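Here's the structure we're looking at; comments come further down.
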Amino acid sequence: MPELQAFEDTPLVVHTFRDRRAKDIELYAAQKTLHGFIEYFWSVAEPAVPFVDNWHIGAMCEYLQAVSTGEIRELAIAVAPGCMKSLTVAVFWPSWEWTAINPALKYLYGSYSQGFALRDSKKMRSLLESPKYKTMNPGIDFTKDTDRQDLFANTKGGYRLSVGIGGGGGWRIDRAVADDPINPLEAESPAALEAARLWWLETIPGRAQDLRTMAQVIIMQRLHQRDLIGECVRSEERR
């Protein structure tokens, strides 16, 4: 009974089409929005942990996209530990920008511990080398002469440099990110607070590829009235 067989097969064809359409929508969202990118690549970055969405993730993504589009050039986000701040800002955001904005963007990531900066650099590198990312971005590859733990570059001119607070001299950048610039154990140390302030407010602006477009992003937990976010607020008030 060929007519009956054909009729029975029809729902399977429709189901396959719908499944493919859903995947196309996910891919489109990953290319167009940072939040969609995080959802699409979460299993690559964190294969053993399920993605649990929350309003604060959407808020971080919205503000970071405003940085990407040039609406914001100086952004400070205060977030408690364990809220996905480093994954969002230090792994997914630069990976998405190389996809959706410009693969030639140059990043400097600094933390009070270079080990933390290197941890996130390795996660970003693993994501970029995944088959899923390469399928989306077949034209992005890595140069062999900058294949280090603290530095990697792509063949489009972009790179990521990871340093401890105070580092990064000699490099020109489009994005400077301070991810936990103060060690919680040194939150009361005038020397540590001043070192972070000098690096961020006086050294980093001089590393700009273009002062008109370079963006600076801080993400941290608040630790002291004179921590880096506090100093930036005071600096803004004096302008």
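Table: residues versus (1) over 22 Å from Met214 (Cβ atoms); (2) in contact with a Pro (Cβ under 9 Å, 6 or more places away or on another chain); (3) surrounded by fewer than 17 Cβ atoms within 10 Å (Cβ to Cβ); (4) at pLDDT below 95.
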position	(1), (2), (3), (4)
Asn154	no, yes, no, yes
Val163	no, no, no, yes
Trp171	no, no, yes, yes
Asp174	no, no, no, no
Ala178	no, no, no, no
Ala187	yes, no, yes, yes
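Being part of a helix (DSSP H, G or I) and aliphatic (A, V, I, L, M) is the filter here; which residues of the range 200-239 pass it?
Residues satisfying the conditions are Leu201, Ile204, Leu228, Ile229, Val233.
Against the condition in contact (Cβ under 8 Å) with a residue 24 or more places away in the chain, open to solvent by 50 Å² or more (accessible area, probe 1.4 Å) and closer than 27 Å to Ile72 by Cα, how does Trp199 come out, does it pass? Before you say what the answer is, go through the steps one by one.
Values: in contact (Cβ under 8 Å) with a residue 24 or more places away in the chain: yes; open to solvent by 50 Å² or more (accessible area, probe 1.4 Å): no; closer than 27 Å to Ile72 by Cα: yes.
Taking the combined requirement at face value, the residue does not satisfy it.
Can you report the number of residues in the range 40-60 which are in a helix (DSSP H, G or I) and either touching a Cys at 6+ places or on another chain (Cβ under 9 Å) or under 16 Å from Ile77 (Cα atoms) (or both)?
Residues meeting the conditions: 6.
Looking at the range 63-80, which of its residues are under 27 Å from Phe152 (Cα atoms) and open to solvent by 60 Å² or more (accessible area, probe 1.4 Å)? Break it down stepwise before answering.
In the first step, residues of the range 63-80 are kept if they are under 27 Å from Phe152 (Cα atoms); the result is 63-70, 72-77.
Within the range 63-80, Tyr63, Thr69, Arg73, Glu74 meet the criteria.
Pick out the one residue from Asp174, Asp227, Asp210 that is in contact (Cβ under 8 Å) with a residue 24 or more places away in the chain and closer than 19 Å to Asp150 by Cβ.
Matching residue, one of Asp174, Asp227, Asp210: Asp174.
Out of (1) charged (D, E, K, R); (2) more than 15 Å from Gly110 (Cβ to Cβ); (3) modelled with pLDDT of 90 or more, the odd one out for Glu236 is which?
Answer for Glu236: the failing condition is (3).
Matching residues to (1) farther than 30 Å from Ala195 by Cα; (2) open to solvent by less than 70 Å² (accessible area, probe 1.4 Å):
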position: Trp96; (1), (2): yes, yes
position: Asp120; (1), (2): no, yes
position: Glu129; (1), (2): yes, no
position: Met136; (1), (2): yes, yes
position: Asp141; (1), (2): yes, no
position: Lys144; (1), (2): yes, no
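Residue by residue, here is whether (1) closer than 23 Å to Asp227 by Cβ; (2) in a helix (DSSP H, G or I); (3) touching a strand residue (DSSP E or B) at 6+ places or on another chain (Cβ under 8 Å) holds:
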site: Ile77; (1), (2), (3): yes, no, yes
site: Gly82; (1), (2), (3): yes, no, no
site: Ser86; (1), (2), (3): yes, yes, yes
site: Ala90; (1), (2), (3): yes, yes, yes
site: Trp98; (1), (2), (3): no, yes, yes
site: Pro103; (1), (2), (3): no, no, yes
site: Tyr109; (1), (2), (3): yes, no, yes
site: Gly115; (1), (2), (3): yes, yes, no
site: Ser121; (1), (2), (3): no, yes, yes
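Please verify whether the range 162-179 includes one or more residues that are within 16 Å of the chain's Cα centre (by Cα), farther than 19 Å from Ala45 by Cα, of a type in the set (Ser, Thr, Tyr) and not in a helix (DSSP H, G or I).
Here is the first cut: in the range 162-179, the ones within 16 Å of the chain's Cα centre (by Cα) are 162-163, 173-179.
Okay, now just the ones that are also farther than 19 Å from Ala45 by Cα, so 163, 173-178.
Restricting the remaining residues to those that are of a type in the set (Ser, Thr, Tyr) gives none.
The answer is no, given that none of the residues of the range 162-179 is within 16 Å of the chain's Cα centre (by Cα), farther than 19 Å from Ala45 by Cα, of a type in the set (Ser, Thr, Tyr) and not in a helix (DSSP H, G or I).
The values are calculated or read from the model by the stated rules, or taken from the named source; none is laboratory data. Remember, it's a predicted structure, so these values are computed and weren't measured experimentally. Counting neighbours? That spans all protein chains shown, and the Cβs are built from the backbone with ideal geometry, glycine included. Side chains are part of the model used for accessible areas, which takes the heavy atoms of the whole protein and leaves out ligands, DNA and RNA. Shrake-Rupley method; radii C 1.70, N 1.55, O 1.52, S 1.80 Å.
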